[in-house]
Amino acid sequence: MSGTAEEPSTVLVVGAGPVGLTAACELARQGARVRVVEALTEPTTQSRAVVVQARTQEHLAAMGVLDELVARAVEITAVEVRSGAAGTLRLRAVTTGIDSRYPRALDTPQPETEAVLAALAARLGVAVERGVTLTDLAQDDRGVDVTLASAAGTARQRVGWVVGADGGHSRVRAAVGERIEGVPDGGHFLFADVAAATTLPSDTIRLFAGPDGVSGAFPMPDGRTRFLLQVPAAGPPAQPTLDEVQRLVDERMGEHWRLSDARWLVGFEVHHGQVERYRRGRVLLAGDAAHVHSPAGGQGMNTGMQDAVNLAWKLALVSTGRAADALLDSYHAERHPVGAAVVRQTTRLTRAVATQGPRGHLRDVGLLLLGHVPAVGEAVAASMAEVRLRYRGSPAVGGGAGVQGACPGDHAPDPEGLRAVDGGPARIGDLLRRPGHLLLTTCLSRTSHERLRAVLGGLGTVVPVRPGPDGTADGPVLVDPGGVVADRYGIGHDGAALIRPDGYLGYLSARTDPGDVARHLAEREHLVGVGSG
Ligand SMILES: Cc1cc2nc3c(=O)[nH]c(=O)nc-3n(C[C@H](O)[C@H](O)[C@H](O)COP(=O)(O)OP(=O)(O)OC[C@H]3O[C@@H](n4cnc5c(N)ncnc54)[C@H](O)[C@@H]3O)c2cc1C
């Protein structure tokens, strides 16, 4: 073993799956020193999680890589749920009505998502250290000693913080004494990534409920389809054949697909559960290391990537000394309930789908009735797209005085109808490509703008919102002739809205008061050295 190297401000991300890579990119983008170690010497080729939901797309857009992913994906605008051997349609949820700039899902094999993120990490100066396995860690008040094994030997190094994004069998999780608490049987599944000739349009994910559980077809690029088939515990073996998968697809989903060219066929048991604490001192758990559940709703990777986005800006501020470490407690407070809800819902869904007999009949009738209520389809689509997630009541959000409609902790609306000073279209989502916070103010006083800039300092950007393009601008300005910001943010024409780097509203007020913004940043976000305004 070589000696201990000291990197006290470095954040070590363990695992270069989608969650570790998202964390690494966001940490680097928000100014942290970051390293990533990955046990595999080459990226995985298994298609695994194929659905990228709308909220995740909003984050990828802020990171500047959404277009790259779109070019590698199929756009999905509907999810259908059918039941019975005849495949009777019970529910069709279309995504086009969901409240997002990207009202669709993207289907693409997980390695494509990872490749896009790895390329961004490289552009940001973060090289994934492949073939390096974390074998142990121990922490004290000032840092974390990690033991890293590679072909070159074993090295002990000291870093400031560790993000455990090392998947369902997380070594980091075990090393800090956490374990997945929950139901050990989430079901057995067959996964197949195959070429599938079909006449069905590729814009729809198709799910089928049957006595053996859920079956699903997820269209992917290049004429491939990802099938997911729940099987009894004593069902087909861990390495199913293409013929077995074809038989199950025909039996359960109708004879719509002719399969060939199997790229990935595997049987897999999923567990449902979650760790008790996402934060253990200087070690933070994210993604499958923190929560595991059925893949049926396409939420696992998305929930994990959103964990990473929530955590990264906070850890970037803390690891660079710009915030006290109490800010990290809000990571657990905000994300643990989200993970718990996903585990709860997917457990219920998996059980409900597999229900047989009179209760199964009741389920089918219920689905049929609900399927005729458009609001239900919309709710299902919005829930799967994860666009209703919010952190109301979090210890890191505050304000709200005089605000109507929106609430601190909600996701920042990204309304149409805004312009830049040159008259071109402008979106708040595009401004989120700047690292740091965005502070929108509908107050027209230049003195107030200057005082807000003094409060925010280098932590972000103040964006005045004006009714017309008049006057000069020292930085970005939004022109809002229709008053959509005043309306959608509920802050009226003299208010302020603080958008955190993860796109959620940290603070809202119907009055622009730089002193109050400063108090919020110091007391709720634990930022140090914030100007008094
Ligand atoms: C076989 C399989 C099929 C799946 N199918 C679906 C699906 O159909 N739909 C769906 O939504 N989700 C599916 N998932 C789950 C989905 O892949 C995960 O939710 C997602 O990958 C979570 O990302 P992650 O980054 O947290 O973990 P992972 O993707 O597991 O990444 C963890 C990374 O950490 C590395 N690592 C592990 N230990 C160490 C260590 N000690 N040191 C260094 N590196 C380490 C691993 O090599 C890996 O690259 C599937 C998962 C598996 C395993």
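The values are calculated or read from the model by the stated rules, or taken from the named source; none is laboratory data. Fair warning: this is a prediction, and the values are worked out from it, not measured in the lab. As a convention, Cβ positions derive from the backbone with ideal geometry for all residues, glycine included, and neighbour counts pool all protein chains shown. Surface accessibility is based on the protein's heavy atoms, side chains included, excluding ligands, DNA and RNA. Shrake-Rupley method; radii C 1.70, N 1.55, O 1.52, S 1.80 Å.
Odds and ends about this structure:
- Filtered by the rule that a residue be charged (D, E, K, R) and either touching a residue at least 60 places away in the same chain (Cβ under 8 Å) or in contact with a Cys (Cβ under 6 Å, 6 or more places away or on another chain) (or both), the stretch 253-287 gives ARG258, ASP261, ARG263, GLU269, GLU276, ARG277, ARG280, ARG282.
- Single residue of the stretch 28-52 satisfying the filter (among the polar types (S, T, N, Q) and at pLDDT 95 or above) that is farthest from the ligand (Cβ to nearest atom): GLN30
- From the list THR350, THR355, THR346, THR441, the lone residue that is hydroxyl-bearing (Ser, Thr, Tyr) and modelled with pLDDT of 95 or more is THR441.
- Yes/no for HIS272 being within 19 Å of GLY213 (Cβ to Cβ) and more than 12 Å from the ligand (Cβ to nearest atom): yes
- When ASP494 is tested against (1) touching a Cys at 6+ places or on another chain (Cβ under 7 Å); (2) closer than 26 Å to GLU58 by Cα, exactly one condition is not met: (2).
- Qualifying positions in the stretch 270-300 - at positive phi and either surrounded by fewer than 16 Cβ atoms within 10 Å (Cβ to Cβ) or touching a Pro at 6+ places or on another chain (Cβ under 7 Å) (or both): GLY281
- Positions within the stretch 151-188 being near the ligand (Cβ under 10 Å from one of its atoms) and surrounded by fewer than 18 Cβ atoms within 10 Å (Cβ to Cβ), in sequence order: GLY168, HIS169, ALA174
- All conditions in (1) open to solvent by 10 Å² or more (accessible area, probe 1.4 Å); (2) within 11 Å of the ligand (Cβ to nearest atom) hold for ARG101, with the sole exception of (2).
- Note on the stretch 130-150: residues that are within 9 Å of the ligand (Cβ to nearest atom) and closer than 11 Å to VAL14 by Cβ total 5.
- Residues of the stretch 104-129 that are away from the ligand (no atom under 16 Å from the Cβ) and touching a residue at least 12 places away in the same chain (Cβ under 8 Å): ARG104, ALA119, LEU124, GLY125.
- Tabulated pairs, the stretch 460-481, first on the phi < 0 side of the Ramachandran plot, second among the polar types (S, T, N, Q), C-beta under 7 angstrom, 6+ apart or interchain: VAL462/THR441; PRO464/THR441; VAL465/THR441; VAL465/THR442; GLY475/THR461; PRO476/THR461
So that you can scan it fast, the table gives a plain yes or no per residue for (1) open to solvent by 10 Å² or more (accessible area, probe 1.4 Å); (2) out of contact with any Ser or Thr (no Cβ under 7 Å at 6 or more places or on another chain); (3) within 24 Å of ALA522 (Cα to Cα):
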residue: LEU418; (1), (2), (3): no, yes, no
residue: GLY423; (1), (2), (3): yes, yes, no
residue: ALA454; (1), (2), (3): yes, yes, yes
residue: PRO464; (1), (2), (3): no, no, yes
residue: ALA473; (1), (2), (3): yes, yes, no
residue: ASP494; (1), (2), (3): yes, no, yes
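- Top-ranked residue of the stretch 53-77 - restricted to ones that are out of contact with any helix residue (DSSP H, G or I) (no Cβ under 8 Å at 6 or more places or on another chain) and open to solvent by 30 Å² or more (accessible area, probe 1.4 Å), ranked as modelled with the lowest pLDDT: THR77
Yes/no per residue for (1) within 20 Å of the chain's Cα centre (by Cα); (2) under 29 Å from TRP264 (Cα atoms):
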site: VAL81; (1), (2): no, yes
site: SER100; (1), (2): yes, no
site: PRO109; (1), (2): yes, yes
site: ALA118; (1), (2): yes, yes
site: ARG123; (1), (2): no, no
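- When residues in the stretch 249-269 are screened for being surrounded by 20 or more Cβ atoms within 10 Å (Cβ to Cβ) and either in a helix (DSSP H, G or I) or in contact with a His (Cβ under 8 Å, 6 or more places away or on another chain) (or both), 3 of them pass.
- All positions within the stretch 472-524 that are farther than 18 Å from ARG446 by Cα and among the basic types (Lys, Arg): ARG488, ARG500, ARG519, ARG524
- Taking the stretch 276-293 as the range and being farther than 11 Å from VAL176 by Cα and in contact with a Leu (Cβ under 7 Å, 6 or more places away or on another chain) as the test, only ALA286 passes.
- Qualifying residue in the stretch 134-144 (condition: aliphatic (A, V, I, L, M), open to solvent by 60 Å² or more (accessible area, probe 1.4 Å) and more than 24 Å from VAL309 (Cα to Cα)): no
- Extreme residue, modelled with the lowest pLDDT, among residues of the stretch 364-394 that are open to solvent by 70 Å² or more (accessible area, probe 1.4 Å) and part of a loop (DSSP other than H, G, I, E, B): HIS372
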